[in-house]
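Input: a single structure, listed below in structure tokens.
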Amino acid sequence: MPEKVLLVDDEKEFLEAMAERMTMRGIEVSTASSASEAIRLAEKESFDAIIVDLMMPEMDGLEALKLLKKKSPESQVILLTGHATLEKGIEAMKLGAVDFLEKPANLSELTEKIKEAHAHKMIVVEKQVEERIRNIMNVKGW
Amino acid sequence: MNQASQTMDDALLRFFGRMTASMTHEVKNALATVNENAGLLTDYAEMTLQGKPLDPERVHGLAARIADQVIRADGLLKILNRFAHSVDEPLIGVDVTEHLKLLMALSIRFASMSEVSLNVREPADRVVIETSPFPLLNTLFGCLEFAMRAAGRGRSIELWAEKGPSGVCIHFEPLPQLDDTSAEALEVDETHSLPGSLEGRFVMNRTSGNLSLLLSKRA
């Protein structure tokens, strides 16, 4: 099963080029040019990884991260930034980002992180299913 | 060094840091796009080695995109260079409209984040004032930040200069949300933030919705 990724960046040409390169590598890619568009897409579909630019008009990456984690806590969000500071990195991790990378990003490194995010999400979803089954069995008293 | 002078130096240093950080961020964005498009060219070359056909139109398109981003990055660095040189002269004749254009170019990311578009109006006659360019830019940026808040998202602000009775008037308009914006949000103090050669006064017209900075040469 291919990894499913949502790319979020207001730089259209960057978004298109990265999406095409990821598609060539067998990744299923959706794109959004704003945080609000990303949140709408994330509400409708489940993604293995959501890669979000930190600095965007209307809503920045950290605000988007907060909302994405609220709507789907199992989302694996990777933040991309033109300038990675230690403070922003720590803040991003505290808010639940799985990683914080600086642009220009190394695509091999990014696809590795997407694979890791996909594997991590599988574990999270499996645990949730187990929990649900356990709850059902407790309620039904089997 | 007295307290006011130290505060002013700190404010100017912070301003220099903010502008440099913003411009270099934009250059990074251009480089990131070049990086991805160059990577795509490499990917296409790899595909050709595997026997897949190459579309020359697509390659031309990518090369053109890379060239565009190089022009973009070069433009950004020219602006950053002009900004860096604004500290060269302590006192010089400053063309105020050209200074506003430099301000607009430096503020591109801030305006985008505020979802405000900026425009500088050409004056009928050239408007020049003798002053220190860098501290004046700092004051003008403080006015612009306030103006963007007072304009509101999705709006357009016009910046323009004219000769005043004893100096120069610089206007930021229209500001439809000026009534809802506290004067305290204007985080520059014309007494302390202007170069020593100038006296200044802010005028906020809440009826017509504009902010003006009136500058005159200190007696």
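Filter segment A:1-23 for residues that are assigned to a helix (DSSP H, G or I) and surrounded by fewer than 16 Cβ atoms within 10 Å (Cβ to Cβ); which is nearest to the chain's Cα centre (by Cα)? Please lay out each step first, then the result.
To start, the set of residues in segment A:1-23 that are assigned to a helix (DSSP H, G or I) comprises A:12-23.
Narrowing further to those that are surrounded by fewer than 16 Cβ atoms within 10 Å (Cβ to Cβ): A:12, A:23.
Numbers: A:Lys12: 18, A:Thr23: 16 Å.
Top of the filtered list is A:Thr23.
All but one of (1) within 14 Å of another protein chain (Cβ to nearest Cβ); (2) without any contact (Cβ under 8 Å) to a residue 24 or more places away in the chain hold for A:Glu63, so report the exception by its number.
Going through (1) within 14 Å of another protein chain (Cβ to nearest Cβ); (2) without any contact (Cβ under 8 Å) to a residue 24 or more places away in the chain one by one, A:Glu63 breaks only (2).
Residue-wise test of (1) modelled with pLDDT under 95; (2) more than 14 Å from chain A (Cβ to nearest Cβ).
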| residue | (1), (2) |
| --- | --- |
| B:Leu91 | yes, yes |
| B:Thr97 | no, yes |
| B:Leu106 | no, yes |
| B:Met113 | yes, no |
| B:Asn119 | no, yes |
| B:Leu140 | no, yes |
| B:Ala150 | yes, yes |
| B:Glu162 | no, yes |
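Among all residue pairs at least 6 apart or on different chains, which show Cβ distances below 6 Å where the first residue, located in segment B:121-132, is in contact (Cβ under 8 Å) with a residue 60 or more places away in the chain and the second is assigned to a loop (DSSP other than H, G, I, E, B) and not small (Gly, Ala, Ser)?
B:Thr131/B:Pro195; B:Ser132/B:Pro90; B:Ser132/B:Pro195
Just to verify a result, which residue in segment A:66-82, among those that are under 24 Å from B:Ala21 (Cβ atoms) and either crowded, with 18+ Cβ neighbours inside 10 Å or among the acidic types (Asp, Glu) (or both), is farthest from the other protein chains (Cβ to nearest Cβ)?
Initially, segment A:66-82 is screened for residues under 24 Å from B:Ala21 (Cβ atoms), giving A:66, A:77-82.
Filter once more, so that each one left must be either crowded, with 18+ Cβ neighbours inside 10 Å or among the acidic types (Asp, Glu) (or both): A:77-82.
Details: A:Val77: 19, A:Ile78: 15, A:Leu79: 14, A:Leu80: 8, A:Thr81: 8, A:Gly82: 3 Å.
Step by step, filter segment A:66-82, then rank; the result is A:Val77.
How many residues does segment A:49-79 contain that are within 29 Å of B:Gly152 (Cα to Cα) and in contact with a Phe, Trp or Tyr (Cβ under 8 Å, 6 or more places away or on another chain)?
Count: 1.
Here are some residues: B:Ala38, B:Ala45, B:Ala21. Which one is part of a helix (DSSP H, G or I), out of contact with any strand residue (DSSP E or B) (no Cβ under 8 Å at 6 or more places or on another chain), under 24 Å from B:Ala105 (Cβ atoms) and assigned by TED's automatic domain parsing to the domain that holds B:His60?
Answer to the check: B:Ala21.
Which one of these does B:Thr191 not meet: (1) part of a helix (DSSP H, G or I); (2) under 18 Å from the mean Cα position of the chain (by Cα); (3) β-branched (Val, Ile, Thr)?
Just one mismatch for B:Thr191, condition (2).
Output the qualifying pairs, or none if there are none: Cβ atoms under 6 angstrom, residues six or more apart or on different chains, first residue in segment B:148-174 and free of Cβ contacts under 8 Å to residues at least 40 places away in the same chain, second residue of a type in the set (A, V, I, L, M) and assigned to a strand (DSSP E or B).
Partner pairs satisfying both residue conditions: B:Ala151/B:Ile157.
If you go through segment A:21-53 one residue at a time, how many are within 9 Å of another protein chain (Cβ to nearest Cβ) and farther than 16 Å from A:Ser108 by Cβ?
Residues meeting the conditions: 1.
Could you identify the single residue in B:Arg18, B:Arg72, B:Arg65, B:Arg58 that is under 30 Å from the mean Cα position of the chain (by Cα), more than 30 Å from B:Leu136 (Cα to Cα), within 14 Å of chain A (Cβ to nearest Cβ) and among the basic types (Lys, Arg)?
Numbers: B:Arg18 fails: more than 30 Å from B:Leu136 (Cα to Cα); B:Arg72 fails: more than 30 Å from B:Leu136 (Cα to Cα); B:Arg58 fails: under 30 Å from the mean Cα position of the chain (by Cα).
Residue meeting the stated conditions: B:Arg65.
Please go through segment B:61-78 and give me each residue that is within 21 Å of B:Gly39 (Cα to Cα) and among the basic types (Lys, Arg), ordered by number.
B:Arg65, B:Arg72, listed by residue number.
Could you tell me which numbered condition B:Leu106 fails, if it satisfies all but one of (1) within 20 Å of B:Met148 (Cα to Cα); (2) without any contact (Cβ under 8 Å) to a residue 60 or more places away in the chain?
(2)
The values are calculated or read from the model by the stated rules, or taken from the named source; none is laboratory data. Just so you know, these numbers come straight off a predicted model, no measurement behind them. When we count neighbours, we look across all protein chains shown, and the Cβ atoms used for this are built from the backbone with ideal geometry, even at glycine.
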